[in-house]
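Working notes, structure below.
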Amino acid sequence: MAKVGIIMGSTSDLPIMQEAIDILEGFDIEIEVDIVSAHRTPEKLFDYGKNAHTRGISVIIAGAGGAAHLPGMVASLSPLPVIGVPVKSRNSIDGWDSVLSILQMPGGVPVATVALDGAKNAGILAAQIIGSSDKCVLDKILVYKEGLKQKVIEGAKKVAK
C-alpha cells in the first residue's frame, strides 16, 4: 500500500501538520511522520530525501515556517512528488516568507504548494495523487467530495428558510 511521508521542520509545526495526518488517516492511507529540519539536521534531510521512495513512500508532504527550505530541499533530492505546506511561525513575516520560499522553486524542482497553514489540503492532494492509481482511495475521495457537496446543499436550505 502507498504511504505518505509527512515531515516538518520542528515540533512547533505539528498543530498545523496534524490536519494532514487526520485527513490521511480518514482515508485509511498509511503515513510516516517525522521531524526533519533543513537547517539543524541537514544529514537527516539528505537521507530522508534520497531514501523515502525505498521505504514505500509515494508522496511527501513537507511543512516549514520562516525560511521554509525543507520542501524544496526534499524535492531536490527525491524522485517523489512533494507537497509544501507554508507554516506561519512566530518568527515569520506574516507567513509570506514561508509561502514564497516554497512557491518560488526553480525550473526542474517542482513543489506543489498549498495555502499558508493549508495542511488539510496537502493531505487531500496527497490522497488524490495516490487515488489516481488506487481505486479504493479514489472511491473514498469521491465519498468525501460528495459529503462536501451535501454540506453546502444543507447550508443553503437553512439559509433559504
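The values are calculated or read from the model by the stated rules, or taken from the named source; none is laboratory data. Keep in mind that what you see is a predicted model, and the values were worked out from it rather than measured. For neighbour counting, all protein chains shown are included, and Cβ atoms are generated from backbone atoms with ideal geometry for every residue, glycine included.
Residues of segment 70-125 that are acidic (Asp, Glu) and either crowded, with 18+ Cβ neighbours inside 10 Å or within 13 Å of the chain's Cα centre (by Cα) (or both): ASP97, ASP117. All conditions but one from (1) in contact (Cβ under 8 Å) with a residue 24 or more places away in the chain; (2) over 24 Å from GLY49 (Cβ atoms); (3) acidic (Asp, Glu) apply to ASP117; the one that does not is (2). Among the conditions (1) within 27 Å of HIS53 (Cα to Cα); (2) at pLDDT 95 or above, GLY147 misses just one, which is (1). Against the numbered list (1) outside any strand (DSSP E or B); (2) of a type in the set (Val, Ile, Thr); (3) under 13 Å from the mean Cα position of the chain (by Cα), ILE7 comes up short only at (1).
Of everything in segment 37-59 that is under 19 Å from SER12 (Cα atoms) and either under 17 Å from the mean Cα position of the chain (by Cα) or in contact (Cβ under 8 Å) with a residue 60 or more places away in the chain (or both), the residue that is surrounded by the fewest Cβ atoms within 10 Å (Cβ to Cβ) is SER37.
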